[in-house]
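**Q** Below are the structure tokens for one structure; questions will follow.
The values are calculated or read from the model by the stated rules, or taken from the named source; none is laboratory data. This is a predicted model, so every value here is computed, not measured. Positions of Cβ are backbone-derived with ideal geometry, glycine not excepted, and every protein chain shown enters the neighbour counts.
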Amino acid sequence: MELTRHRPQASWPTPGAVIALLKPITWFPPMWAYACGAISAGNSVGDRWLFVLCGVLLAGPLLCGTSQAVNDWFDRHVDAINEPHRVIPSGRMPGHWGLYVALIMSAFSMIIAAMLGSLIFAAALIGLCFAWLYSAPPLRFKQNGWIGNGVVGFSYETLPWLTAATVMTGASPDTPIWIVALLYGLGAHGILTLNDFKAITGDREMGINTLPVLHGARPAAALACAIMALAQAGVCALLFYLDLPLFALAIAVLLALQIGCMVRFVADPVRFAVWYSAIGVGLFVTGMMITAFGLRTLAQPALSMM
């Protein structure tokens, strides 16, 4: 009889396993929002380059990476059933190391945030709290699509935008920046719903009430599109109010293109969710950068008068 050899499980994670846990591909949204916030403030980098660099690390690898580690740790039992190849259920992240990495990243994030000043520390603390409350019981915001998507949208878009603007100026951002950051965070709520159509059956079985589970595929798609469209319409209206008609027109054109794609998406959301993510989200984030440059034109005359 042939004996089966069992390879002993490693007691330490490899660097590759840690990187896989932190999911670098997810760092783009907060880092993009951070770039938009830095541009919208109107200041040149100048002697604040170290603050900007630390802010980029804080928004992407640190806070976003922490949120991914926290989420995978508290989803490890679900992932063992649905996605056993993931780094924790596969054993590449042994023992309690998934939790340890999340705690170490949380502490390091707060150290870097403290170096950037009290306002940045407060913003980072809010983001970190949301990262844990989103995944961890008893609240576990992700179990409700309305709450969970709102928390992630705020953490991935609004907070990085405001944080970057604060880093660039050393003060609380002007009101238009606050409004735009909040609107794009709201729009991200709809974007996050796009990820839920591929797992409706599994989410329903596990009690995760995403919008498609709560309302059905087509109504959820319509809600997601309405949220994205209304947020960008608000940005367009604000730019017109701020006497930036060309920038407002550019956002309106991008929104019109998205609405054309939304019609196809809503007709069959399960089939076209990935397709719409590739096209619609690209147009959405392009609008973010255009808006940032629009706000920058407002800030620069004021800076030149100082």
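For (1) in the same structural domain as residue 32 (by TED's automatic domain parsing); (2) under 19 Å from the mean Cα position of the chain (by Cα); (3) under 27 Å from residue 161 (Cα atoms); (4) charged (D, E, K, R), each residue gets a yes or a no:
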{"residue": "204", "(1), (2), (3), (4)": "no, no, no, yes"}
{"residue": "272", "(1), (2), (3), (4)": "no, no, no, no"}
{"residue": "276", "(1), (2), (3), (4)": "no, yes, yes, no"}
{"residue": "283", "(1), (2), (3), (4)": "no, yes, yes, no"}
{"residue": "289", "(1), (2), (3), (4)": "no, yes, yes, no"}
{"residue": "292", "(1), (2), (3), (4)": "no, yes, yes, no"}
{"residue": "296", "(1), (2), (3), (4)": "no, no, yes, yes"}
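**Q** Same structure, new question: Name the residue that is farthest from residue 113 (Cα to Cα), counting only residues in segment 12-42 that are polar (S, T, N, Q) and surrounded by fewer than 19 Cβ atoms within 10 Å (Cβ to Cβ).
**A** This residue is 14.
**Q** So in segment 106-153, with the set limited to residues that are outside any helix (DSSP H, G or I) and not hydrophobic (A, V, I, L, M, F, W, C), which one is surrounded by the fewest Cβ atoms within 10 Å (Cβ to Cβ)?
**A** Once the filter is applied, the top-ranked residue is 138.
**Q** Need a quick list: helices (runs of 4 or more DSSP H) entirely within segment 194-306 having at least 1 residues that are of a type in the set (Asp, Glu).
**A** 200-206
**Q** What tally of residues in segment 143-170 results from selecting those that are touching a Phe, Trp or Tyr at 6+ places or on another chain (Cβ under 9 Å), of a type in the set (S, T, N, Q) and farther than 14 Å from residue 133 by Cα?
**A** 2
**Q** Still on this model: Given the condition in contact with a His (Cβ under 9 Å, 6 or more places away or on another chain) and at pLDDT 95 or above, answer yes or no: does some residue in segment 231-245 qualify?
**A** Yes: segment 231-245 contains one or more residues that are in contact with a His (Cβ under 9 Å, 6 or more places away or on another chain) and at pLDDT 95 or above.
**Q** Return a yes/no flag: does segment 226-233 have any residue that is more than 22 Å from the chain's Cα centre (by Cα), under 17 Å from residue 280 (Cβ atoms) and exposed (fewer than 15 other Cβ atoms within 10 Å of the Cβ).
**A** Within segment 226-233, none of the residues are more than 22 Å from the chain's Cα centre (by Cα), under 17 Å from residue 280 (Cβ atoms) and exposed (fewer than 15 other Cβ atoms within 10 Å of the Cβ).
**Q** Let me ask something additional. May I ask you to list the residues in segment 217-229 that are under 14 Å from residue 187 (Cβ atoms) and free of Cβ contacts under 8 Å to residues at least 40 places away in the same chain?
**A** Within segment 217-229, 223, 224, 226, 229 qualify.
**Q** From the list 86, 76, 48, 140, which residue is of a type outside the set (Gly, Ala, Ser) and on the phi > 0 side of the Ramachandran plot?
**A** Exactly one of 86, 76, 48, 140 is of a type outside the set (Gly, Ala, Ser) and on the phi > 0 side of the Ramachandran plot, namely 140.
**Q** Ok, one more. Mind listing whichever residues of segment 88-105 are part of a helix (DSSP H, G or I) and surrounded by fewer than 21 Cβ atoms within 10 Å (Cβ to Cβ)?
**A** Result: 99, 100, 103, 104.
**Q** Right, another one. Please specify each residue of segment 56-87 satisfying the condition of being of a type in the set (A, V, I, L, M) and either outside the structural domain of residue 124 (by TED's automatic domain parsing) or buried (at least 19 other Cβ atoms within 10 Å of the Cβ) (or both).
**A** 56, 58, 59, 62, 63, 69, 70, 87
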